[in-house]
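Asker: Before I ask anything, let me first share the structure, which is written out below as structure tokens.
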Amino acid sequence: MDEIAKPVVTERPAAAAPKGPALAVLPRPPYRPMTWRKLEDKLVQGFSVLALALAVGVMLWILCTILVRGSAALSWDFLTTLSAPHGFVGGIGNALLGTLLITLFAALIAVPPAICAGIWLAEFGKKSRLADALRFSANVMMGMPSIVVGLFVYMILVVPMGASSGLAGSVALAILMFPVVMRTTEDMLMMVPDTLRESGLALGFTRCRVTLQIICRAARNGMVTGVLLAIARVSGETAPLLFTAQFKDDWPSTFFTGPTANIPVLINNYGMSSFEDLQRAGWGASLVIAALVLAINVIARVAFRDKKN
């Protein structure tokens, strides 16, 4: 009887090992006892709380000092009458009005182009070389000393005009406001999800209409907050106004052509005076400008915060 043929089983060669560099075996990290880890955590927490307490304590110290010394000078006449030299009863009415005018004109000069620049950076420029150059320039301007800006405006406006003016002070403050508003606008628009952009384009809207009616509307709270914070930042700047607006014991009737009274320069002049009545008026003006800046910050944080359900 013929032998039944058995199937021949051939062994497959073993799969070749993948070529490439072998994975490095990382050494085991040294063992640290749990007690040491907890001690490190407590130390970091302690230093963090100490740094926060130090910062808040210094701020409260400054505010309390201004409140105690400045409240003695506050009155309705102090806020509404003209400033006066030593020996005469005066107030800060002209300086308060001049500060409001200088800050208002600075906002009118800086805010519209800064918002347009921020929209272009966030929606149209984004990764272009020009956008990178603008961002870098804005970062440099945000760190530039304000006295340098004041000296620059002094050379290009005050010297050719032959006189200091409130308008020159507004231009100096506008230069300081511009990069802050521009970068804040860009950041707020970049936080809007791309689904809103895609939805608007899918409905047939133009890119410009999507940006203005959908994206800007979604980010308007953050944009307005950035504008208010920029105004609060420049409203107390002194160095630029020393070169540009200077000071005058009169109402700001010569805002465009002559020196204009303002609170920062008044505080600087009265604070360095050796007369007690002028120093008291300087503390009162410090309390007024501190209250204005604090009010703007509180309004920006509370009125335009995102409401969560």
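Asker: Do you know which of the residues in segment 126-138 that are part of a helix (DSSP H, G or I) and surrounded by 12 or more Cβ atoms within 10 Å (Cβ to Cβ) is nearest to the chain's Cα centre (by Cα)?
Answerer: Among those that are part of a helix (DSSP H, G or I) and surrounded by 12 or more Cβ atoms within 10 Å (Cβ to Cβ), it is Ala138.
Asker: Right, another one. Spot the failing condition for Glu123; the list is (1) among the charged types (D, E, K, R); (2) assigned to a helix (DSSP H, G or I); (3) without any contact (Cβ under 8 Å) to a residue 24 or more places away in the chain, and only one is missed.
Answerer: Looking at each condition in turn, Glu123 falls short on (3).
Asker: Then there is this: Does any residue in segment 170-186 that is within 14 Å of Val148 (Cα to Cα) come within less than 7 Å, Cβ to Cβ, of a residue that is part of a helix (DSSP H, G or I) and open to solvent by 10 Å² or more (accessible area, probe 1.4 Å) six or more places away or on a different chain, and which pairs are these?
Answerer: From segment 170-186, the pairs are Val171/Ile109; Val171/Leu157; Leu173/Thr103; Ala174/Ile109; Leu176/Ser146.
Asker: Kindly evaluate Ala230 against the criterion of being open to solvent by less than 40 Å² (accessible area, probe 1.4 Å), outside any helix (DSSP H, G or I) and at pLDDT 90 or above.
Answerer: On the way: open to solvent by less than 40 Å² (accessible area, probe 1.4 Å): yes; outside any helix (DSSP H, G or I): no; at pLDDT 90 or above: yes.
Taking the combined requirement at face value, the residue does not satisfy it.
Asker: On the basis of being open to solvent by less than 60 Å² (accessible area, probe 1.4 Å), in a helix (DSSP H, G or I) and among the aliphatic types (A, V, I, L, M), does Ala73 make the cut?
Answerer: no
Asker: Taking segment 59-105 as the region of interest, how many residues are within 30 Å of the chain's Cα centre (by Cα) and under 13 Å from Leu266 (Cα atoms)?
Answerer: Number satisfying all stated conditions: 8.
Asker: Further question on the same structure: Just the residues that are in a loop (DSSP other than H, G, I, E, B) and either of a type in the set (S, T, N, Q) or surrounded by 11 or more Cβ atoms within 10 Å (Cβ to Cβ) (or both), please, taken from segment 192-211.
Answerer: Val192, Phe205, Thr206
Asker: Consider Val158 against the criteria (1) surrounded by fewer than 16 Cβ atoms within 10 Å (Cβ to Cβ); (2) touching a helix residue (DSSP H, G or I) at 6+ places or on another chain (Cβ under 6 Å): it satisfies all of them except one. Which criterion is unmet?
Answerer: Failing condition for Val158: (1).
Asker: Among the candidates Ile115, Ile102, Ile119, which residue alone is closer than 22 Å to Thr211 by Cα and buried (at least 22 other Cβ atoms within 10 Å of the Cβ)?
Answerer: Answer to the check: Ile119.
Asker: Of the numbered conditions (1) open to solvent by 60 Å² or more (accessible area, probe 1.4 Å); (2) closer than 17 Å to Asp277 by Cα; (3) of a type in the set (A, V, I, L, M, F, W, C), Ile92 satisfies every one except a single condition; which is it?
Answerer: Every listed condition holds for Ile92 apart from (1).
Asker: Scan (1) in contact with a Leu (Cβ under 9 Å, 6 or more places away or on another chain); (2) open to solvent by less than 10 Å² (accessible area, probe 1.4 Å) for the single condition Glu237 breaks and write down its number.
Answerer: (2)
Asker: A further question on this structure: For segment 260-272: of the residues being open to solvent by 40 Å² or more (accessible area, probe 1.4 Å) and within 28 Å of the chain's Cα centre (by Cα), which is nearest to Gly98 (Cα to Cα)?
Answerer: Ile267
Asker: List pairs: first in segment 42-66 and closer than 20 Å to Leu294 by Cα, second in a helix (DSSP H, G or I), Cβ under 8 Å, 6+ apart or cross-chain?
Answerer: Correct list of pairs: Leu63/Ala290; Ile66/Trp283; Ile66/Ser286; Ile66/Leu287; Ile66/Ala290.
Asker: Find the residue count for segment 155-176, including only residues that are not hydroxyl-bearing (Ser, Thr, Tyr) and not in a helix (DSSP H, G or I).
Answerer: Count: 2.
Asker: From (1) aromatic (Phe, Trp, Tyr); (2) surrounded by fewer than 22 Cβ atoms within 10 Å (Cβ to Cβ); (3) assigned to a helix (DSSP H, G or I), pick out the condition that doesn't hold for Trp251.
Answerer: With (1) aromatic (Phe, Trp, Tyr); (2) surrounded by fewer than 22 Cβ atoms within 10 Å (Cβ to Cβ); (3) assigned to a helix (DSSP H, G or I) applied to Trp251, the lone miss is (3).
Asker: Using the structure shown, decide if Met177 is in contact with a helix residue (DSSP H, G or I) (Cβ under 6 Å, 6 or more places away or on another chain) and surrounded by fewer than 18 Cβ atoms within 10 Å (Cβ to Cβ). Talk me through it step by step, then tell me what you get.
Answerer: On the way: in contact with a helix residue (DSSP H, G or I) (Cβ under 6 Å, 6 or more places away or on another chain): yes; surrounded by fewer than 18 Cβ atoms within 10 Å (Cβ to Cβ): no.
The answer is no for Met177.
The values are calculated or read from the model by the stated rules, or taken from the named source; none is laboratory data. Everything quoted here is computed from the prediction, not taken from an experiment. Neighbour counts run over all protein chains shown; Cβ positions are idealised from the backbone, glycine included. Areas reflect the complete protein model, heavy atoms only, side chains present, ligands, DNA and RNA absent. Shrake-Rupley method; radii C 1.70, N 1.55, O 1.52, S 1.80 Å.
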